[in-house]
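For reference, the structure discussed in these notes is given below.
The values are calculated or read from the model by the stated rules, or taken from the named source; none is laboratory data. If you're wondering where the values come from, they're calculated on a predicted model, not measured in any experiment. Backbone-built Cβ (ideal geometry, glycine too); neighbour counts: all protein chains shown. Side chains are part of the model used for accessible areas, which takes the heavy atoms of the whole protein and leaves out ligands, DNA and RNA. Shrake-Rupley method; radii C 1.70, N 1.55, O 1.52, S 1.80 Å.
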Amino acid sequence: MSSTTNERDTAREPAPPLNTVAFARWIWRQLTSMRTALSLLLLLAIAAVPGSLVPQRGVDARAVEAYLADHPTSGPILDSLGMFSVYTSPWFSGIYLLLMVSLVGCIVPRTQVYAKALRARPPKVPRRLERLPASSSFETSSDVDDVIAAARQALGRARVDVVERDGSHELSAEKGYLREAGNLVFHISIVVVLVGVAASALLGYRGAAIVTEGDRFSNVLTQYDEFTSGALFDREELPPFSLQLDDFAAKFQVDGPQRGAPRSFEATGSVSRGVDGADEPYSIRVNHPLNVDGSSVYLVGQGYAPVIRVTDPDGTVVFDEAVPFLPADPSYTSNGVVKVSEAEPEQLGLQGFFLPTFVVGDTGATRSAFPDALQPILGLFVWHGDLGLDEGVPQSVYVLDKTNMEQYMTGDKGYRVSLQPGQSQVLPDGNTIEFVDLRQFARFQIASAPFVQVPLFGISIGVLGLIASLAVKPRRTWIRIRREGSRTVVTVAVLDRVPRVDLPADLDRFMERFRSRLGDVTPAHDDEKAT
């Protein structure tokens, strides 16, 4: 009784704690298990979802600013969690690195095991072949050597090993090694894709710039509206080129249920490659970028840029520029800001909207009815005071800082400027604003992604490896040949390392090939068996 009690007490004793080395080994085994790799791959896919739902600073910083302005409560919370820079956030990078380490830790030992299996002999023939899931036997008058030769021919490219044991010749064959090779290639291809994406992100850059018709863009940092680069990219090594935007053509659906839908966008002009390169014509359309010295120039957006001129009471022109107004909806209702720092007696700030085809609704409010500029109108509200441009703090050209400014009023409503092309209006301070002309602008994204072909190569090879791992059947075939008097008795069994329902049918086909190479074949006394 006491002995039983002591055994129970011993069984209840907790396992001794792991030391540091043993605990580190346990952590490494958990990290490099296939289950962990698959979990991390799924987690990486889930972590990438916010990047497609929330605007990203690296893609459209203006959209991020608009989101923060429209969501004053949730926006800062999402920003603190890195949701506006998902793919460069610490938590996404952590998952990325853990997945790469886990995959490498899985692949290296499996490759070693696979290499050892390639050099090893096929497994020995089991003693009781008839107990295997699919087996068959027959007798023939052919001698043992002829049967072995026929078996080798029927097995084809399978690795064959022949041994003699207990008076019988036993033939072991194994094929389907490409299945594991395909599996390894698939996992290696994932690592190749991860390395290629990481290299492109670390060594590449991406920026965006708005260029108005008649203006020129030079590939220098100061001309970008937005710019991000990898940690290993030297910003001083931007390839030297410049492009002139001569014309932008936009076409929209004019009738039917899809009226107003965009049909084609095309930017044309000239590009100069290098410091002293000659101008060459170019044409950029959506999904048809311009490639210049390893950089690609994509057309990602467009809009309207009214040419606005401001003249002071003395007749001096203090502002004369095309000002881009950013589209806010599919009908190209656009918002913009005009900053006139040279105005007298005080600086002027104008904020408002542009409607390419304005109509007056039933409530008297104006709206845009079509994205093409068929009946454009410009509406602005006017502030006067200090724009804050001399304080040394960077400002967005699309945001008006009204901290030290006061709005001109008409009664209890803001003073409003409403102009169509060619019209002008005198402001309360005596300055005159004129809507001179209407131009279009193109928003270009300039990007360089070295090794961009590496992920594509990895995906292509990975697909081939996956097909091989799914299509190849890893199969072991055993044949026992023994001589009984004037007859040779042959017993055959097959076994798949992956369970398959068509195993008996495959055995039947193999037996037909095997028997066709022999003469005088009859069923064995225990008859044919296949289950």
(Q) Could you put Lys175, Lys251 in order of accessible surface area, largest first, with the 1.4 Å probe and the full protein assembly present? (A) Lys251, Lys175
**Q.** Farthest positive-ward along the chain dipole, Cα basis, beta-carbon charges - from Leu42, Leu389, Asn291
**A.** Leu42
Q. What number, in percent, do you get for the relative contact order of the stretch 191-293 if the mean sequence gap of Cα pairs under 8 Å and at least 6 apart is divided by its residue count?
A. 20
Q: Round to the nearest 10 and report in Å² the accessible area of Ser368, as given by a 1.4 Å probe over the protein chains' heavy atoms.
A: 10
Q | With all protein chains modelled, accessible area of Leu98 [1.4 Å, Å²] | A | 80
Q: Let me know the charge dipole size of the chain about its Cα centre in debye, to the nearest 20, where only the beta-carbon of Lys, Arg (+1) and Asp, Glu (-1) is charged.
A: 4480
Q.
How big is the dipole moment of the stretch 18-175 about its Cα centre under a simple scheme where the beta carbon of each Lys and Arg is +1, that of each Asp and Glu is -1, and everything else is neutral? Debye, nearest 20, please.
A. 480
**Q.** Radius 12 Å from Cβ of Phe353, net charge of other residues (Lys, Arg +1; Asp, Glu -1)
**A.** +1
Q. Tally Lys and Arg at +1 and Asp and Glu at -1 over the other residues with C-beta under 10 Å from the C-beta of Gly58: what net charge comes out?
A. 0
(Q) What number results when the radius of gyration of the chain, computed over Cα atoms, is divided by 2.2 N^0.38 Å? (A) 1.59
Q) Using mean Cβ contacts within 10 Å as the protection proxy, how do 272-281, 142-151 order, highest first? A) 142-151, 272-281
**Q.** Net charge, Val317 excluded, C-beta distance under 10 Å - Lys, Arg +1, Asp, Glu -1
**A.** -3
Q: Using the charge dipole of the chain (Lys, Arg: +1 at Cβ; Asp, Glu: -1 at Cβ; taken about the Cα centre), state which of Gly352, Val521, Ser136 has its Cα farthest towards the positive end.
A: Val521
**Q.** Within straight-line cross-link reach of Lys413, lysines at Cα separation under 25 Å, skipping those fewer than 8 residues along the same chain
**A.** Lys339, Lys402
Q) So, by mean Cβ neighbours within 10 angstrom, what's the order for 473-481, 198-206 with the highest one leading? A) 473-481, 198-206
**Q.** Contact order relative to length of the stretch 217-350, as percent, for alpha carbon pairs under 8 angstrom and 6 or more apart
**A.** 13
(Q) Can you tell me the mean projection area, over all orientations, of the convex hull of the stretch 382-531's alpha carbons? Units nm², please. (A) 24.3
Q.
Going by Cα centres, the stretch 389-440 and the stretch 316-379 are how many Å apart?
A. 10
Q: Would you mind calculating the relative contact order of the chain from Cα pairs under 8 angstrom and at least 6 residues apart, reporting the percent as a whole number?
A: 21
Q) Can you tell which of Tyr224, Gly214, Ile190 lies farthest toward the positive end of the dipole of the stretch 160-224, using +1 and -1 charges on the Cβ of basic and acidic side chains (Lys, Arg; Asp, Glu)? A) Gly214
(Q) Quick check: the angle from helix 2-12's long axis to the longest principal axis of the chain, C-alpha only, nearest 10 degrees? (A) 40
Q. About the Cα centre of the stretch 334-456, what is the dipole size in debye to 20, counting +1 per Lys and Arg Cβ and -1 per Asp and Glu Cβ, all else neutral?
A. 600
Q) If the cut-off is 17 Å between C-alpha atoms, which aspartates and glutamates fall inside it for Lys251, apart from same-chain ones fewer than 8 positions away? A) Glu213, Glu266, Asp329, Asp372
